[in-house]
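What follows draws every value from the coordinates through simple rules; no lab data is involved. What you see is a predicted model, and the numbers here were worked out from it, not measured in a lab. Here the Cβ is made from the backbone with ideal geometry for all residues, glycine too, and neighbour counts use every protein chain on show.
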Amino acid sequence: MSADPARDLLIGVDVGTYSSKGVLTDLRGTVLRQVTRTHDIHVPQHGHVEQDADAVWWADAQQLIRTLLQGVDPARVAGVACSAIGPTVLPLDSHGRPLRPGILYGVDTRAQAQIDALNRELGEARLFAHSGMALTSQATGPKIRWLREHEPGVWARTHTLTTASSYLTYRLTGRHVMDHHTAAHCMPLYDPRTRQWSPAFSAAVLGDRDLSRLPDLAWSDERAGEVTPEAGALTGLRPGTPVAVGTVDALAEALSVGVRAPGDLMLMYGSTTFFVLVQAAATPDPRVWSVGGAFPGQVNLAAGMGTTGSLTRWMADEFARDLPTEQAYDALFAAARDLPPGAQGLLCLPYFSGERTPINDPQARGVIAGLTLSHTRAHLFRAALEGVAFGIRHNLEAFAALGADVRRVVAVGGGTKGRLWLQIVSDVTGETQHVPPVTVGASYGDAFLAGLAAGVLTRDDLTTWVGPGQPVTPNPAHRARYDQLYSLYRDLYQQTRPTVHALSDHP
């Protein structure tokens, strides 16, 4: 590794569902400064989940970068990279200005009618053969069609369709570019075999075969461009600073903990739970997502739950209003720790925003079964933690059923801060999880991508950035009880499915 000594710093920025984080590192991965900003989502109606691209995404990125650079010569910054929630849908006009708030990833379930229509018109088998994935709420193609059908005025003015991370890169460089991992979710517009946009089914989504609305395609570690004078004035970055293409937060998070070899699985404890498994060869399956990785030729198997960390946040907000937010979390985790496996007869389906993988059911709903007058908020909280753990086991079993090889599980994200949730997941799944010494998150992976794009790091340098993790091993004494509860968890979804579907029709 060699570099101009004057260019010895890297900046990574990640915009998440409820918060944005920035990190300043040196070229060896030492974290010199971290900054966090909180924000919220907007739910204008049931199933619609949005965020403002300028007031949230770009405003957060500007503020984080300015704060990171306080007292720092911007000429020392070798590169910058951004990640963000995704895949999202953001229409821009001919001047690059957002025409409406961004439509979020799989937690936004507005396009089920468009999914049904595309499957009916084009054929589920043909779509799966083309994309290697089934159409779900994670796919952006149906949401683009929803935009065309429901907001024709916006559609008529749409010049570019982009996503959150790509919008941040555009604001920094003036170039519209999207990474291959994100593009794979723009199905059925992307062909994973050619790694190009495809006109094969574009008319059904876009209304024509014109692909010019879509960004350029590149790998996450490639250079998208350089910081423009306008972006430099807004962020404090030196114009001309290299900017990486970037990616979705989950892939950047996987890089941040050294997940790069076949068999490495990242388990991300965030607002949602996300899985990224590096594979030697793709194993497409309708239950999960087969996508490109961060680097050329890399293949990932991905999956994601809908409501995990956001469920614990909801419980803290609604059931611990007597305590400040941080104290509420500490108190709930402490109280849940004193309860036995099974929360003394409670079982939770954590489908409070529908569910993504492996059931891919946007009409699924949260269920808490077994309530009695003796249960407290601590019991509810423990049941929620266990319900998420059962959902994680369900996804891991789907991976195993399609022959995916998981050799090492690396845990990352806000949910790793307390040992309890990690221990419950290991007890439920039977998997040992490794928690790296640095769990800054996606922004740390972004800083590494920035170094690659700037040419001051190589991919092998990741081994020096990420040290060995501390293992969380399963407690065999809890296995029998959790096996029994997991069976009931699977049954509970099937038994309550007709009821919650009927209720979801009348929110």
Expected sort for 28-35, 183-190 on mean C-beta neighbours within 10 Å, highest first, is 183-190, 28-35
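Just need the relative contact order of the chain here, percent rounded to a whole number, with Cα pairs under 8 Å and 6+ apart.
Numbers: 1177 pairs, mean separation 84.7, N = 507.
Contact order relative to length: 17 percent.
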Please name whichever of S290, L422, A134 sits farthest to the positive end of the charge dipole of the chain, dipole taken about the Cα centre and charges placed at Cβ: Lys and Arg +1, Asp and Glu -1.
L422
Collect residues whose amide H, placed 1.01 Å from N in the peptide plane, falls under 5 Å from the amide H of M187; neighbours closer than 5 in sequence don't count.
T140, G141
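Where Rh denotes the Kirkwood radius from the mean inverse Cα pair distance, what is Rg over Rh for the stretch 317-356? Don't skip to the answer; put the middle values down first.
Working: Rg = 12.6 Å, Rh = 12.1 Å.
On the Cα set of the stretch 317-356, Rg over Rh gives 1.05.
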Which ³J(HN,Hα) values in Hz, rounded to whole numbers, follow from the phi angles of the stretch 283-298 under the Karplus curve 6.51 cos²θ - 1.76 cosθ + 1.60, where θ = phi - 60° and Gly and Pro get x?
10, x, 7, x, 6, 10, 10, 9, 9, x, x, 7, 10, x, x, 6
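From the helices alone, meaning DSSP H stretches of at least four residues, give me the mean residue ellipticity at 222 nm for the chain, per-run term -39500 (n - 2.57), in deg cm²/dmol to the nearest 500. List each step's numbers first, then the result.
Values: 17 runs with 182 residues, N = 507.
Computed mean residue ellipticity for the chain: -11000 deg cm²/dmol.
Please state the shape class of the stretch 9-249: rounded when a/c is under 1.5, otherwise prolate if a/b exceeds b/c and oblate if not, all from the C-alpha gyration tensor. The partial results should precede the final answer.
Details: a/c = 2.06, a/b = 1.81, b/c = 1.14.
Taking the square roots of the gyration eigenvalues as a ≥ b ≥ c, the stretch 9-249 is prolate.
Could you compute how fast the chain diffuses translationally, taking Rh as the Kirkwood radius over C-alpha pairs and applying Stokes-Einstein at 37 °C with viscosity 0.692 mPa s? Give it in µm² per second. Intermediate values should be presented prior to the final figure.
Values: Rh = 22.9 Å.
Answer, rounded: 143 µm²/s.
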Under the rule of at least 5 residues apart or a separate chain, name every residue whose amide H is placed under 5 Å from the amide H of G225.
V243
Charge tally for neighbours of A224 with beta carbon under 13 Å away, counting Lys, Arg as +1 and Asp, Glu as -1, is -3
Enumerate the amide H contacts of T162 below 5 Å, restricted to partners 5 or more residues apart or on another chain; note that Pro and chain-start residues carry no placed amide H.
L90, L92
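Determine, for each peptide in 319-326, 442-449, the mean count of other beta carbons within 10 angstrom over its residues, then list the peptides with the highest first.
442-449, 319-326
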Choose one of S166, A231, V107: the residue whose Cα lies farthest towards the positive end of the charge dipole of the chain (beta-carbon charges +1 Lys, Arg; -1 Asp, Glu; about the Cα centre).
V107
Which one, H150, T312, P468, is farthest towards the positive end of the dipole of the chain when Lys and Arg carry +1 and Asp and Glu -1 on their Cβ?
P468
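For the stretch 9-249, what's the relative contact order in percent, using C-alpha pairs closer than 8 Å and at least 6 residues apart? Don't skip to the end; give the middle numbers.
Numbers: 539 pairs, mean separation 51.7, N = 241.
For the stretch 9-249, the relative contact order is 21 percent.
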Please list 3J(HN,Hα) in residue order for the stretch 356-373, calculated via the Karplus relation 6.51 cos²θ - 1.76 cosθ + 1.60 where θ = phi - 60°; whole Hz, with x for glycine and proline.
8, 7, x, 8, 6, 10, x, 8, 5, 9, x, 9, 10, 10, x, 5, 9, 5
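Assign one of three labels to the stretch 398-456, namely rounded, prolate or oblate, based on the Cα gyration tensor with a ≥ b ≥ c the square roots of its eigenvalues; rounded applies when a/c is under 1.5, prolate when it is not and a/b is larger than b/c, and oblate otherwise.
Details: a/c = 3.42, a/b = 1.52, b/c = 2.25.
Oblate, since a/c reaches 1.5 and b/c is not below a/b.
Might you report the magnitude of the Cβ-based charge dipole of the chain about its Cα centre, with Lys and Arg at +1 and Asp and Glu at -1, to the nearest 20 debye? If you can, show how the numbers build up before the last one.
Working: 43 positive and 49 negative charges, 42 e Å.
Charge dipole of the chain: 200 debye, to the nearest 20.
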Provide the packing ranking of 80-88, 52-60, i.e. peptides ordered by the mean count of other C-beta atoms within 10 Å per residue, highest first.
80-88, 52-60
Computed ³J(HN,Hα) along the stretch 325-331: with the Karplus parameters 6.51/-1.76/1.60, θ = phi - 60°, integer Hz and x for glycine or proline, the list is 3, 5, 5, 4, 4, 4, 5
